[in-house]
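Comments concern the structure below.
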Amino acid sequence: MLYEVLDPANYFTPDVVADFQSVRFEEIGPNQLLVTGGTGKSQPEKLKVSVGYQAGWIGEGEISYAGAHAVERAKLAGEIIQKRIGDRFDEFRVDYIGLSSLHGESLSQGSTPYETRLRIAGKSKNQGLAQLVGEEVEALYTNGPAGGGGARKYLYEVIGVVSVLMNRNQIQPYIQVFES
């Protein structure tokens with residue numbers, strides 16, 4: 001009942017504009033619910049269509065640091081990359097896996113791990129700029145804090161999805177079956 005329901009009084013389906021404002025749930029047995037109170041308006045002139053679009057690129061880079069002062073070296077490496085390219089991205093993130101990637105640094109205080117993995121990610125509409133993240137992290141092998149290893153780089157295309165309303169007369173449904 002909550003999935004994609006931005007307006008509970010006007011939820012578009014192909015057959016009806018549903019109104020969920022008066023819906024009630026009642027447990028009538030084990031694993032059984034009675035759902036009542038939903039109403040609807042006439043079939044909409046428009047259909048809700050999910051449209052995919054090219055939403056940019058995410059470039060990632062990772063490198064590990066272990067041993068004495070591993071966290072400090074990873075943080076220095078993160079600061080280097082942040083200063084070099086961070087302000088060029090729509091979104092930019094520096095994580096220290098094993099230290100701050102899940103809950104931020106507040107829960108890691110008072111603990112000094114022997115190893116940590118630096119992960120940097122940047123999102124951009126420009127593929128070449130996104131790819132630069134991995135290149136910069138890989139360059140830390142020879143141009144960053146000592147002892148970094150296991151560098152990896154990734155580049156992902158981001159496909160965004162947006163729901164739009166289209167005139168139902170513009171949509172021609174068809175089925176295509178592929179045989180292998």
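The values are calculated or read from the model by the stated rules, or taken from the named source; none is laboratory data. Everything quoted here is computed from the prediction, not taken from an experiment. Cβ coordinates were reconstructed from backbone atoms using ideal geometry, including for glycine residues, and neighbour counts include every protein chain displayed.
Observations, loosely collected:
- Looking only at residues in the range 1-24 that are surrounded by fewer than 11 Cβ atoms within 10 Å (Cβ to Cβ) and more than 31 Å from the chain's Cα centre (by Cα), the one that is farthest from S42 (Cα to Cα) is R24.
- With respect to the conditions (1) surrounded by 12 or more Cβ atoms within 10 Å (Cβ to Cβ); (2) within 25 Å of the chain's Cα centre (by Cα); (3) modelled with pLDDT under 95, G40 lacks only one, and its number is (2).
- Filter pass, A74 being surrounded by 13 or more Cβ atoms within 10 Å (Cβ to Cβ), touching a Phe, Trp or Tyr at 6+ places or on another chain (Cβ under 8 Å) and assigned by TED's automatic domain parsing to the domain that holds G150: yes
- Within the range 118-139, considering residues that are β-branched (V, I, T) and out of contact with any helix residue (DSSP H, G or I) (no Cβ under 6 Å at 6 or more places or on another chain), the one surrounded by the fewest Cβ atoms within 10 Å (Cβ to Cβ): V137
- The strands (runs of 3 or more DSSP E) falling completely within the range 1-86 that include 1 or more residues that are of a type in the set (S, T, Y) and more than 22 Å from V162 (Cα to Cα) map to 32-36, 39-41, 46-66.
- Some residue of the range 59-71 being loosely packed, with under 13 Cβ neighbours inside 10 Å, modelled with pLDDT under 95 and closer than 21 Å to Y154 by Cα: no
- Residues within the range 138-170 that are without any contact (Cβ under 8 Å) to a residue 24 or more places away in the chain and not assigned by TED's automatic domain parsing to the domain that holds G128, tallied: 2
- Any chance S101 is modelled with pLDDT under 90 and surrounded by 14 or more Cβ atoms within 10 Å (Cβ to Cβ): yes
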